[in-house]
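One structure is given here, and the rest of the page talks about it.
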Amino acid sequence: MNANIRTLTRRYIVLNVLSWLPTGLCAPVLVLLLAARGIDVATMGTLLAAYGLTAACLELPTGGIADVLGRRPVLIAATALFLLSTLLVGLGTSILVITAGILLEAVGRALDSGPLQAWYVDAVHAADRDADLTPAFARGRTAGSIALAVGAVAGGALAGGALAGWVPLPAAGDTPVLGLSLPYLLAAGIVVVRALTQLAWVSEVKRRPRAVVRDVLADIPRTVRDGVLICTRNSTLRRITILCGVIGVALATIEFLAPLRIA
C-alpha cells in the first residue's frame, strides 16, 4: 500500500468516526428529551416512525444523487442537514420544530448513505486500480461502531448528570437549553468539525461521465421491483429479511421504551 492510499484510508476512518459519534451522543437522550418537552409516548412513536419511513423512502431516490452531483457536495449537504436537525431537536420547544428536525435528520441520513464509501473507492482506484478495499472498509465500519458506542456512553453519562441535577440547567420545560440538550450541543460541535474535515479532505475525483437525474429516477422503480423479487423468491434471503425486520422492530421498541422506564 503506497503512502497516498494510507493517507486516504486514515481519512476515511476518521470521517467514519466523525459520522457516527454525534449519532451515539444523541441516541440515548432523544426519548428523554422529548418527554422533557412534554411530548407523550404516542406522539414520540409517530415521530420515530415518520423518521424511519422518510429515510427508507428516500434511500433509493437519493442513492444516485452522488453520481449526478458528485460525492463531495452530497456529503457536505448531508452534514449541513445533520447540523440543522441536531440544533432543531436539541433546542426546539415546539412539536413543529422538533418534527422538522427529525425529518431533516432522516433526509440527511438518506443522503449520507454511500457517498463517503464511493469517494474512498474513487480516490483509491485513482491511485491504484487493483488496490484491495476490503480491509479499509472493515476498519471504517469498526471505527464507526466504536464511535457509536463511545458516543452512547458519553451521551448517557451527560443525560444521567442532567437527570441527577448535577447540571445547572432546567430538567424540563420550554427553555431552549435543558440539561438533556447538552449531548445535542456537543454533537452539533462534532458535526461542525466533521464539515470542516470534509471540506479539507474530500476532493472530487474525476470519473466516467456522470449520470443524469432523469436516468437515475427512471431506474428507481426497476431497482425496487428487482430487489423485492429477489428477496421474495429466494428462500434464504426471504428468511433473512423477515428475521432482520423482527429484530429491528424489537430493538427499536427496547430503545424507545427503555429510557423512559429506567428514568
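Which is free of Cβ contacts under 8 Å to residues at least 40 places away in the same chain, in a helix (DSSP H, G or I) and within 25 Å of SER203 (Cα to Cα), of VAL121, VAL74? Don't jump to the end; show me each part of the working.
On the way: VAL74 fails: free of Cβ contacts under 8 Å to residues at least 40 places away in the same chain.
Checking each option against the conditions leaves just VAL121.
Out of the residues in the stretch 233-253 meeting the condition of being within 27 Å of LEU48 (Cβ to Cβ) and among the polar types (S, T, N, Q), tell me which one is nearest to the chain's Cα centre (by Cα).
THR253
Specify the residue that is farthest from VAL29 (Cα to Cα); the eligible residues are those in the stretch 85-116 that are in contact (Cβ under 8 Å) with a residue 60 or more places away in the chain and in a helix (DSSP H, G or I).
LEU116
So which residues in the stretch 145-190 are of a type in the set (S, T, N, Q) and either crowded, with 19+ Cβ neighbours inside 10 Å or within 24 Å of the chain's Cα centre (by Cα) (or both), if there are any at all?
Within the stretch 145-190, the subset of a type in the set (S, T, N, Q) is 145, 175, 181.
Passing the criteria: SER145, SER181.
Are any of the residues in the stretch 137-156 out of contact with any Phe, Trp or Tyr (no Cβ under 9 Å at 6 or more places or on another chain) and not in a helix (DSSP H, G or I)?
Checking the stretch 137-156: not a single residue is out of contact with any Phe, Trp or Tyr (no Cβ under 9 Å at 6 or more places or on another chain) and not in a helix (DSSP H, G or I).
Any chance the stretch 130-146 includes a residue that's touching a residue at least 12 places away in the same chain (Cβ under 8 Å), of a type in the set (Lys, Arg) and in the same structural domain as PRO176 (by TED's automatic domain parsing)?
Yes, the stretch 130-146 contains a residue that is touching a residue at least 12 places away in the same chain (Cβ under 8 Å), of a type in the set (Lys, Arg) and in the same structural domain as PRO176 (by TED's automatic domain parsing).
Tell me the residue from GLY101, GLY52 that is within 16 Å of the chain's Cα centre (by Cα), modelled with pLDDT of 95 or more and under 19 Å from LEU33 (Cβ atoms), please. So that I can check it myself, show each step before the final result.
Values: GLY52 fails: modelled with pLDDT of 95 or more.
Going through GLY101, GLY52 in turn, just one is within 16 Å of the chain's Cα centre (by Cα), modelled with pLDDT of 95 or more and under 19 Å from LEU33 (Cβ atoms): GLY101.
Out of all the residues in the stretch 19-51, which are without any contact (Cβ under 8 Å) to a residue 60 or more places away in the chain and of a type in the set (Gly, Ala, Ser)?
ALA42, ALA49, ALA50
Residue-by-condition table, conditions (1) modelled with pLDDT of 95 or more; (2) in a loop (DSSP other than H, G, I, E, B); (3) over 20 Å from GLY151 (Cα atoms):
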| position | (1), (2), (3) |
| --- | --- |
| ALA188 | yes, no, no |
| VAL191 | yes, no, no |
| LYS206 | no, yes, yes |
| ASP215 | no, no, yes |
| ALA218 | no, no, yes |
| ARG222 | no, no, yes |
| ASP226 | no, no, yes |
| ILE230 | no, no, yes |
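Would you say ARG210 is out of contact with any strand residue (DSSP E or B) (no Cβ under 6 Å at 6 or more places or on another chain), under 30 Å from ALA127 (Cα atoms) and either at pLDDT below 80 or not assigned by TED's automatic domain parsing to the domain that holds VAL74 (or both)?
Working: out of contact with any strand residue (DSSP E or B) (no Cβ under 6 Å at 6 or more places or on another chain): yes; under 30 Å from ALA127 (Cα atoms): yes; either at pLDDT below 80 or not assigned by TED's automatic domain parsing to the domain that holds VAL74 (or both): yes.
Judged against the criteria, ARG210 is a match.
Return the total of residues in the stretch 119-161 being more than 30 Å from ARG261 (Cβ to Cβ), hydrophobic (A, V, I, L, M, F, W, C) and at pLDDT 90 or above.
Step one: list which residues in the stretch 119-161 are more than 30 Å from ARG261 (Cβ to Cβ), which gives 119-143.
Checking which are hydrophobic (A, V, I, L, M, F, W, C) leaves us with 119, 121, 123-124, 126-127, 131, 133, 136-138, 143.
The next check asks that each one be at pLDDT 90 or above; those that pass are 119, 121, 123-124, 133, 136-138, 143.
Residues in the stretch 119-161 being more than 30 Å from ARG261 (Cβ to Cβ), hydrophobic (A, V, I, L, M, F, W, C) and at pLDDT 90 or above: 9 in total.
The values are calculated or read from the model by the stated rules, or taken from the named source; none is laboratory data. Model, not experiment: these values are computed from the prediction. Backbone-built Cβ (ideal geometry, glycine too); neighbour counts: all protein chains shown.
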